Every structure is written in C-alpha cells, then in structure tokens.
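To start, the structure under review is shown below, and the notes come after it.
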C-alpha cells in the first residue's frame, strides 16, 4: 500500500465521521448509541475481523507456526464462533477493535522507514493512540457505551468532537498529496 492511500483513506473516513457528528442528526445519534450492542454490527465487524484474522493465520509462514496453521485456524475459528454464543454483549465493539488492529498493520507498514517524509507522523501518531484505545476497548467494551452517553449528553460535545475529526480528516487528506 502506498503512503498516499494509507493517509488518504483514513483521512476521508475521519472527515465523513466528523461531518456526521457535526451535523448531529437524530439518526446518527441513535445509530451510534445502539452500535455497542448491535447484533448486525457484531456480525459484520466481528465476523469480518474474524475472517481476516483466520486468513492471516492460514497463511502463516513456517517460521510463525505455519506447520500448525490448520490446527490454529480451526481453534481460532471455534473461538470466533463461540464468541457469538457465549459473549454476544458488546461484540460489535470488539469487532471494531479487531478490525482497527488488523488495519493498523498495513497503514503503519506504508509509513515504515519513510524518514524523509516527516508529515507521515500526522498519520502514525494518532494511529498508535488508536491501537492503544482498541486494546483498552477490547478488554472493556462497555466503555464505548459510556463514552457515547457522555458525548451525546450535550449537543456541543458531539459537535466539538465532530469538528475536530472533520478538520483532522481533511488535514490528513491534504497531507496525503504532499508525499
């Protein structure tokens, strides 16, 4: 993945998310409040994250337990299927965390060893913070519900966060074309 794409795509994603929060439409507020316990979002996000992870495990090299890739894939696949039955609460949040962690690898890989381009830090620094947040939310997914309750308690909070996300997303989109 090129550094341009690795910076442009997250920038556009943040800009769209920020614009949605800035608009503060009732449908957006309701969707975000319902997201942590959404069964549909859990199927899409956790299912997609599980499939991506299982694909990576299936393609392990011999140096990375590749000789046992069939057993590992079956074991992790069973865990993923059982997660829908045994821990369905906040599975959408965990799925989003899994996808964020898996997406971080190609994004960081695109910026790796690009020392002559210091503007790459505008992508890399928040990405490391998001990785830490994804690990934290993966362990305590109910915190996202609490955050949404706090965020939407006052209209100004959601609009403020939306404005910051929109501005930073547009900044990343502009910076993507400076490489």
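Please treat every number below as a calculation from the coordinates, not as lab data. From a predicted model like this one, the values you see are computed outputs, not experimental measurements. Note that each Cβ is placed from the backbone with ideal geometry, even for glycine, and that neighbours are counted across all protein chains shown.
Overview of values
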quantity	calculated
Among 157, 37, 25, residue whose mean-square fluctuation peaks in a GNM of the chain (springs only between Cα atoms under 10 Å)	25
The chain: most fluctuating residue of 164, 70, 28 per GNM, C-alpha cutoff 10 Å	70
For the chain, built as a Gaussian network whose Cα springs stay under 10 Å, the top-fluctuating residue of 75, 138, 163	75
Ranked packing of 49-62, 4-17, most packed first, by mean Cβ within 10 Å	4-17, 49-62
Per-bin percent of Cα-Cα distances, the chain [5 Å]	1, 8, 13, 16, 18, 16, 13, 8, 4, 1, 0
Rounded D (µm²/s) - region 81-179, Kirkwood Rh over Cα pairs, Stokes-Einstein at 4 °C, 1.567 mPa s	83 µm²/s
Average projected area [Cα convex hull, region 49-119], square nanometres	6.3 nm²
FRET efficiency, residue 74 to residue 116 (Cβ-Cβ, R0 30 Å, nearest 0.05)	0.10
Cα Rg, Dmax (largest Cα-Cα span) when computed across region 1-91, Å	17.8, 52
Calculated [θ] (222 nm, deg cm²/dmol) that DSSP helices of n ≥ 4 give over the chain, each run adding -39,500 (n - 2.57)	-24500 deg cm²/dmol
20 Å reach of a label modelled at residue 125, 7 Å along Cα-to-Cβ, counting backbone N of region 156-178	161-178
